[in-house]
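In what follows, a structure is listed as structure tokens, so that the remarks can point back to it.
The values are calculated or read from the model by the stated rules, or taken from the named source; none is laboratory data. Because the structure is predicted, anything quoted here is derived from the model rather than measured. Glycine gets a Cβ as well: all are built from the backbone with ideal geometry, and neighbour counts include every protein chain shown. Accessible surface areas use protein heavy atoms only, side chains included; no ligands, DNA or RNA. Shrake-Rupley method; radii C 1.70, N 1.55, O 1.52, S 1.80 Å.
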Amino acid sequence: MKKWSKWLGFSVIFILVLSLAACGGNTKDETGSAPTENSSPDKTSDGGQLVVVSWGGAYQDAQRKAMFEPFKQETGVNLVEDSPVDIGKLKAMVKGENVQWDVVDVLGMDVPKLVSEDLLEPIDYTIVDKTDMLESAVGEYNVDIDYYSTVLSYNNENLPNGKAPESWADFFDKEKFPGTRALYKSPITTLEIALLADGVAPDQLYPLDVDRAFNKLDSIKNEIVWWEQGAQPVQLLSDKEVVMAVAWNGRIASAAKEGQPLAFTYDDGILDSEAWVVPKGAKNKETAMKFIQFASQGKPQAELLNEIPYGPTNKKAFDFMEESYARSLPTYPDNFDKQIILDVNWWNDNFETINDRFQEWLLK
Amino acid sequence: MKPDLVHGVTADQKKARIPIQGVNLLAIPALIFVLFFFIYPLIKVLFNSVLDPSFTLKHYVRFFSEPAYLQVLWITIKTGLLVTFICLVLGYPVAYMLASVPDRVRNLLLIFVLLPFWTSFLVRTYAWIVILQKEGILNKTLLALGIIEEPMKMVHNTFGVIIGLVHVLLPFMILPLYSVMKNIDMDLVKSAQSLGATPYKSFTKVFLPLSFPGIAAGSILVFIISIGYYVTPALLGGRKDTMISQLIAQQIGEQLNWGFGSAIALVLLVVVLGLLYLFNRYFGLEKISFGP
């Protein structure tokens, strides 16, 4: 009898241990909202099926208005939405040969990873027209949707000397800007920022001088608050918890639009993209290509980015925007030239060893 | 027949329960469920960690040769133990009070315990940031009262993580404790006192040992859940508060390195089972009880 209850105890605990992984949440929640599903077929015509996956929240709401609904109207395809994006789940689907997704909105830095794991279908450029697209935005396995920039941001009401920081060198200047600063808890972009602050020329950045970057980071190590989700730097700045923050431009711009006294500079901002990809073995591959073609045109891009301040990848998109607004976006030529494009391939080759070192450095 | 104090039932009563002999047919659906949803994935995880694509131990070598990972493992266990201890110290008197007040008051108090339990832990975690940060309510109040001169650093460090986790996990300690204490026969405490024991003695010699199944259940529950959390430490912690499940999530969900992620998960599993083995050796897992 005693033995049985002991085993029972063991099994209960065993199961608890196994469910450890369930005790978290979604760490990569771009826009921070609950999953949405829109499965009501609008048209009865036999236009096919398509499952599109995005990040949820305001971003997906804007995509629905600008791309999903017009595509449904035009083609009669029964477009079903899912969210949030999870490349771990994408891998599980492909490996398990049960691919439920047709088109997925992933981060540009994740594309090389997905390609090297052989998880994507090549883009069919007989269907997708790349004439008006930025050259950097069309790849063998991806068509970029928009560019976001990792920028230096601050709260106008919380400037130590009444002076705004202007460069990454200022970000590392403890004398001019005393107090804590917020950085993205990842070596990606963090090392670039440290090197730019240390005087490395933007076009000489890659391959990164990792030792030099860590040395530079050492100088402000105890003044850093690390964030992991895009909403955090906005909140840290608004609450005056930090004097400056590395943040994604769209987040700061949206907060500023809502009346927060936040600002940022594009100088030496680091650009990365969001991209459409098609998982290997997607059930509606051809419709997926047609959707990508539709969504990559100037007009739908402009309609999406009129609400979310990221930069279009189709040069024609600016024609559908108010000029003053277009000028504020990261891919507007004046801004584009001031920034650096993240070398996602270099990171794909080097992330593992550098991340080990980064984790170690954090704990020291 | 001598009553078995630990289980609160006599051997005769035990015999009267449904006998577990041979195969108990009623358990089969549950067994199949566990096989499919726990045992099978666990075996997959084991294979993932050593097959990449042919047999290799490189993921384990990486884990044990990088000091950072061992340090994160140690931080995780240390945080789990500390959170468990604080939950026990805070939760024990609360559970005792719940068990000893009249029914009407108890229901009200139980709502106070359960209400935060029903609120999203993400919301509660963010609320702690609002309270604890430099310009937060607590610092502003203390500054205004002249108790402190400089704002205290209470968040984005270990202190913040501990507060956040204790708050989230306290009900997991209070409820098992309460359910065990509720069934302790208070006449035993009274008789100890009538035989001359001081209140302190009657507590330590009678009530405390009888409440041990609740302490064990609550502590194991809180410990196991706390070492699996990763959102609370990510939001409230500083650079030295990475927990191991953050590493697992990063490897599985962001890096697509399932081999390494699986290896970390298995190391965590083995460590937890090892700790439970020690617990069993010194205290006895059969003492765990979530209720009468």
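When you check B:L247 against the structure, is it within 9 Å of chain A (Cβ to nearest Cβ), more than 15 Å from B:L46 (Cα to Cα) and of a type in the set (A, V, I, L, M, F, W, C), yes or no?
yes
Applying the selection to the stretch A:195-210, what residues are in a loop (DSSP other than H, G, I, E, B) and under 14 Å from A:G269 (Cβ atoms)?
Of everything in the stretch A:195-210, just one residue is in a loop (DSSP other than H, G, I, E, B) and under 14 Å from A:G269 (Cβ atoms), namely A:L205.
In the stretch B:80-105, what residues are hydroxyl-bearing (S, T, Y) and more than 11 Å from the chain's Cα centre (by Cα)?
B:Y92, B:Y96, B:S100
Consider A:T180 carefully, then state whether it is within 14 Å of another protein chain (Cβ to nearest Cβ) and under 20 Å from A:K338 (Cβ atoms).
Criteria not met by A:T180.
Of the residues that make up the stretch A:261-273, is at least one buried (at least 24 other Cβ atoms within 10 Å of the Cβ) and either of a type in the set (S, T, N, Q) or over 23 Å from A:K185 (Cβ atoms) (or both)?
Among the residues of the stretch A:261-273, at least one is buried (at least 24 other Cβ atoms within 10 Å of the Cβ) and either of a type in the set (S, T, N, Q) or over 23 Å from A:K185 (Cβ atoms) (or both), which makes the answer yes.
Just wondering, is there one or more residues in the stretch B:72-80 that are in a helix (DSSP H, G or I), open to solvent by 30 Å² or more (accessible area, probe 1.4 Å) and at pLDDT 90 or above?
Scanning the stretch B:72-80, I find at least one residue that is in a helix (DSSP H, G or I), open to solvent by 30 Å² or more (accessible area, probe 1.4 Å) and at pLDDT 90 or above, so the answer is yes.
If a residue must be within 12 Å of chain B (Cβ to nearest Cβ) and either farther than 21 Å from A:L196 by Cα or over 21 Å from the mean Cα position of the chain (by Cα) (or both), how many such residues does the stretch A:221-249 contain?
The number of residues fulfilling the criteria is 17.
Can you tell me how many residues within the stretch A:288-297 are within 16 Å of A:K65 (Cβ to Cβ) and either without any contact (Cβ under 8 Å) to a residue 12 or more places away in the chain or open to solvent by less than 10 Å² (accessible area, probe 1.4 Å) (or both)?
Residues meeting the conditions: 2.
State whether one or more residues within the stretch A:76-88 are touching a Lys or Arg at 6+ places or on another chain (Cβ under 7 Å) and farther than 30 Å from A:E117 by Cβ.
For the stretch A:76-88, residues touching a Lys or Arg at 6+ places or on another chain (Cβ under 7 Å) and farther than 30 Å from A:E117 by Cβ: present.
Rundown of residues vs (1) more than 26 Å from A:L205 (Cβ to Cβ); (2) more than 20 Å from the chain's Cα centre (by Cα); (3) buried (at least 22 other Cβ atoms within 10 Å of the Cβ); (4) more than 14 Å from chain B (Cβ to nearest Cβ), yes/no style:
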position: A:A282; (1), (2), (3), (4): yes, yes, yes, yes
position: A:E286; (1), (2), (3), (4): yes, yes, no, yes
position: A:Y310; (1), (2), (3), (4): no, no, yes, yes
position: A:Q339; (1), (2), (3), (4): no, no, yes, yes
position: A:L342; (1), (2), (3), (4): no, no, yes, yes
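Yes or no: A:L79 at pLDDT 95 or above, among the hydrophobic types (A, V, I, L, M, F, W, C) and within 23 Å of the chain's Cα centre (by Cα)?
It is false that A:L79 is at pLDDT 95 or above, among the hydrophobic types (A, V, I, L, M, F, W, C) and within 23 Å of the chain's Cα centre (by Cα).
Being in contact with a helix residue (DSSP H, G or I) (Cβ under 7 Å, 6 or more places away or on another chain), free of Cβ contacts under 8 Å to residues at least 40 places away in the same chain and of a type in the set (A, V, I, L, M) is true for just one of B:A249, B:A192, B:A216. Which residue is that?
Just one listed residue meets the conditions, B:A192.
With respect to the numbered conditions (1) part of a helix (DSSP H, G or I); (2) modelled with pLDDT of 95 or more, which one is the sole condition not fulfilled by A:L183?
Condition not satisfied by A:L183: (1).
Taking the options A:Y332, A:Y325, name whichever one is free of Cβ contacts under 8 Å to residues at least 24 places away in the same chain and either in contact with a helix residue (DSSP H, G or I) (Cβ under 6 Å, 6 or more places away or on another chain) or at positive phi (or both).
A:Y332
Scan the stretch B:109-118 residue by residue and report those that are open to solvent by 60 Å² or more (accessible area, probe 1.4 Å) and either outside any helix (DSSP H, G or I) or modelled with pLDDT of 90 or more (or both).
If the condition is that a residue be open to solvent by 60 Å² or more (accessible area, probe 1.4 Å) and either outside any helix (DSSP H, G or I) or modelled with pLDDT of 90 or more (or both), then B:I111, B:F112 are the ones that fit.
Hey, among A:Y154, A:Y148, which residue is within 28 Å of A:D268 (Cα to Cα) and either of a type in the set (V, I, T) or open to solvent by 20 Å² or more (accessible area, probe 1.4 Å) (or both)?
A:Y154
Let me confirm something: among A:L114, A:L134, which residue is open to solvent by less than 50 Å² (accessible area, probe 1.4 Å), closer than 18 Å to A:D86 by Cα and of a type in the set (A, V, I, L, M)?
Exactly one residue qualifies, and that residue is A:L114.
Looking only at residues in the stretch B:31-46 that are closer than 19 Å to B:S262 by Cβ and open to solvent by 90 Å² or more (accessible area, probe 1.4 Å), which one is nearest to the other protein chains (Cβ to nearest Cβ)?
Looking at residues that are closer than 19 Å to B:S262 by Cβ and open to solvent by 90 Å² or more (accessible area, probe 1.4 Å), I get B:F37.
Would you confirm whether or not the stretch A:133-150 contains a residue that is aliphatic (A, V, I, L, M), assigned to a loop (DSSP other than H, G, I, E, B) and at pLDDT 95 or above?
no
Any idea which residue in the stretch A:71-109 is nearest to the other protein chains (Cβ to nearest Cβ), counting only those that are open to solvent by 40 Å² or more (accessible area, probe 1.4 Å) and under 23 Å from A:G298 (Cα atoms)?
A:T75
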